[in-house]
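Scroll down for the structure; my scribbles are underneath it.
The values are calculated or read from the model by the stated rules, or taken from the named source; none is laboratory data. Bear in mind that the values here come from a model prediction, so they are computed numbers and not experimental data. Here the Cβ positions follow ideal geometry from the backbone for every residue, glycine too, while neighbour counts run over all protein chains shown. What goes into the accessible areas is simple: the full protein's heavy atoms, side chains included, and nothing from ligands, DNA or RNA. Shrake-Rupley method; radii C 1.70, N 1.55, O 1.52, S 1.80 Å.
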Amino acid sequence: MSWPLKASLALVALLAADAPAQSDDERLQGAVAKLQPERPGTVDAYVLVAALDADPVFNREAREAGRVLARRFDAEGRTLVLAHDEGDDKADAEPSPSELAKALDGLAAKMNRDEDVLVLYTTSHGSPHNGLNFRDPGRGEAVITPSQLQAMLDHTGTKNRLIVLQACFSGQFVPVLQAPRTVVATAASAQKSSFGCAAGNDWTFFGYAFVNQAMRQPDTFERQFRRAWVTILGWEQKAGYDPSSPQISVGADTANWLAALDAREPKTASAPVGRPPEEVAQ
């Protein structure tokens, strides 16, 4: 290799090293810009999945859950995932409370806020009487309270909402988020822990049973939740755990949009991806 060519390659490498990394906002804005527009007359689902804790299990769960929910709700091209990357398995942007709020607003800007459905799935640790934990070594720690999440959702201006929260004590969000046009499902009651959050797991109990198993089987959303509830209870009883008591609140005015999403779900099942939680596999 000639010296001029060596020098040119070295300069390119140096410039690449010195180039600023794409910011969180830039990465998220790019992902939002690629979202497909809503279809007039069709109840479209716009899906956001967020891992709010840096533990690998939550990030693995979020990335695969994004794929499952996109398929389940006919939301390919209308789904965002906030999570840490793992090798070639990339998310749309890094998670944080501020990015969560911006992603919700970004989805809402693409939606028909009266007709379409905002679907949110979060996975993290939870704190009793406080909310969802955010923890990232590079970004610090915070708690998203029920009232703060409600404010984020209200800021979007969306009417139809399907909110699924995987965390200990996540049932505390139900009284705040429930509404006539909202469905809220949580991995645990306000007083109970949920399970399966060991760092080496691919899924939590709730994520594996509900998203990775039940939501891959053709059925209504409510029956998928009930099926997961039974599965989780069986695992907890076998392991000797105090039951987590997953919760669901179905608003009185959700039947039409739930039926529209259920009608467009895949008619064939798909196979689970990843390993069941280690406590279940034993």
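Counting just the residues of the stretch 93-127 that are surrounded by fewer than 22 Cβ atoms within 10 Å (Cβ to Cβ) and of a type in the set (D, E, K, R), which one comes out nearest to Arg78 (Cα to Cα)?
Ranking the candidates gives Lys110 first.
May I ask you to list pairs of residues, at least six apart or on different chains, whose Cβ atoms are under 6 Å apart, with the first in the stretch 113-132 being under 18 Å from Tyr208 (Cβ atoms) and the second being open to solvent by 10 Å² or more (accessible area, probe 1.4 Å)?
These pairs meet every condition: Ser124/Asn133; His125/Asn133; Gly126/Cys168; Gly126/Phe169.
Among the residues of the stretch 68-87, which ones are buried (at least 20 other Cβ atoms within 10 Å of the Cβ) and among the basic types (Lys, Arg)?
Across the stretch 68-87, the qualifying residues are Arg72, Arg78.
Could you tell me which of the residues Glu38, Glu64 is outside any strand (DSSP E or B), under 23 Å from Phe225 (Cβ atoms) and either aliphatic (A, V, I, L, M) or modelled with pLDDT of 95 or more (or both)?
None of the others qualify; the one that does is Glu64.
Quick check on this structure: which one of Ala228, Ala260, Ala255, Ala214 is under 18 Å from Arg161 (Cα atoms), crowded, with 17+ Cβ neighbours inside 10 Å and of a type in the set (A, V, I, L, M)?
One residue alone meets the criteria, Ala260.
Test Lys90 against the stated conditions and say whether it is under 20 Å from the mean Cα position of the chain (by Cα), open to solvent by 60 Å² or more (accessible area, probe 1.4 Å) and at pLDDT below 95.
Yes, satisfied.
Could you figure out which of (1) outside any helix (DSSP H, G or I); (2) open to solvent by 40 Å² or more (accessible area, probe 1.4 Å); (3) free of Cβ contacts under 8 Å to residues at least 60 places away in the same chain isn't true of Asp219?
(2)
What residue, of Ser249, Ser194, is closer than 25 Å to Leu52 by Cβ, surrounded by fewer than 21 Cβ atoms within 10 Å (Cβ to Cβ) and at pLDDT 95 or above?
Ser249
Collect the residues in the stretch 128-140 that are under 11 Å from Cys168 (Cα atoms) and crowded, with 16+ Cβ neighbours inside 10 Å, keeping them in residue-number order.
Result: Gly131, Leu132, Asn133.
Between Ala209, Ala185, Ala199, which is surrounded by fewer than 20 Cβ atoms within 10 Å (Cβ to Cβ) and within 18 Å of the chain's Cα centre (by Cα)?
Testing whether each residue is surrounded by fewer than 20 Cβ atoms within 10 Å (Cβ to Cβ) and within 18 Å of the chain's Cα centre (by Cα) leaves just Ala199.
I need a count of the residues in the stretch 48-67 that are surrounded by fewer than 24 Cβ atoms within 10 Å (Cβ to Cβ) and closer than 12 Å to Met215 by Cβ.
Summing the residues that are surrounded by fewer than 24 Cβ atoms within 10 Å (Cβ to Cβ) and closer than 12 Å to Met215 by Cβ in the stretch 48-67 gives 2.
Give the number of residues within the stretch 67-87 that are in a loop (DSSP other than H, G, I, E, B) and within 10 Å of the chain's Cα centre (by Cα).
1
Quick test for you: out of Leu52, Leu107, Leu48, Leu120, pick the one residue that is within 21 Å of Arg27 (Cα to Cα) and out of contact with any Phe, Trp or Tyr (no Cβ under 8 Å at 6 or more places or on another chain).
Among Leu52, Leu107, Leu48, Leu120, only Leu120 is within 21 Å of Arg27 (Cα to Cα) and out of contact with any Phe, Trp or Tyr (no Cβ under 8 Å at 6 or more places or on another chain).
Select from the stretch 95-113 the residues that are touching a Leu at 6+ places or on another chain (Cβ under 7 Å) and within 12 Å of Ala51 (Cα to Cα) and list them in ascending order.
Residues satisfying the conditions are Pro95, Glu99, Leu100.
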